[in-house]
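The structure appears below as structure tokens.
Readers should treat all values here as calculations from the given coordinates under stated rules, not as data from a laboratory. Just so it is clear, the structure is predicted and the values come from calculations on it, not from any experiment. Cβ: placed from backbone, ideal geometry, glycine included. Neighbour counts: every protein chain shown.
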Amino acid sequence: MDDEVAKKAQKQFGLISREQAVELGLSKSALNRRVKTKQFLRYLPGVYRMPGTVESPHQRIMGACLCIGPSALASHETAAYLWNLEGHPPRVVELSAPRTTTRVLKDALIHLPRDHATVTKVLRGAIPTTHLARTLVDLAATTES
């Protein structure tokens, strides 16, 4: 079980959500023990970081997606960065999520489009991201003239 958790976290830039860890067989008390013994470090609400992982823009984006929930997608300028359209990571992580999303996250801008259920999800690395065409549409809609 711990090997599966470690493998999942490794694929996600050293991060794992509480929900993912439980799905892989860890109990809530086992999660709490790992936090107390610093085997897991609290990263964001409901998200843990494995010790020794290197912090990066990709980790920050992945963490935001995991925190907001499994339907969250990197979008707008954040997706543009992941598609290599922007040379630098955005200061604020932009995500698209279902309109029913209730979580908020400091340093993140969460878009709640009406058509989120039909938005195509693409993985850029392990990060759920809007499709390139949708990214361009989102950028065009938010660009000032």
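A few points about this structure:
- Centre separation in Å (Cα based) which lies between segment 29-55 and segment 63-87: 22
- Neighbour count of at most 12 Cβ within 10 Å plus DSSP loop: longest trypsin sites (Lys or Arg not before Pro)-free window in the chain: 39-90
- Fully extended contour minus Cα-Cα distance, from residue 19 to residue 41, at 0.36 nm per residue: 6.4 nm
- Student exercise, segment 6-69 dipole from Lys, Arg, Asp, Glu Cβ charges, in Debye to nearest 20: 240
- A DSSP coil position with no more than 14 other Cβ atoms inside 10 Å describes the following GluC sites (Glu not before Pro) in segment 34-124: 55, 86.
- Given charges at beta-carbon only (K, R positive; D, E negative), |dipole| of segment 35-105 in Debye: 440
- Efficiency of FRET from Cβ geometry, residue 33 and residue 112, R₀ 35 Å, rounded to 0.05: 0.45
- Computed over the chain, the Cα gyration tensor eigenvalues convert (square root of 5λ each) into semi-axes of 29, 15, 13 Å, ordered from largest to smallest.
- By the helix-only formula, in which each DSSP H run with n ≥ 4 contributes -39500 (n - 2.57) and the sum is divided by residues, the chain has a 222 nm mean residue ellipticity of -11000 deg cm²/dmol.
- Remark: the chain carries a charge dipole of roughly 640 debye about the Cα centre, counting +1 on each Lys and Arg Cβ and -1 on each Asp and Glu Cβ.
- For segment 1-139, the residue among 110, 50, 69 whose Cα projects farthest onto the positive side of the dipole built from Cβ charges is 50.
- The GluC sites (Glu not before Pro) of segment 1-45 include none that DSSP puts in a loop with a beta carbon having at most 15 other beta carbons within 10 Å.
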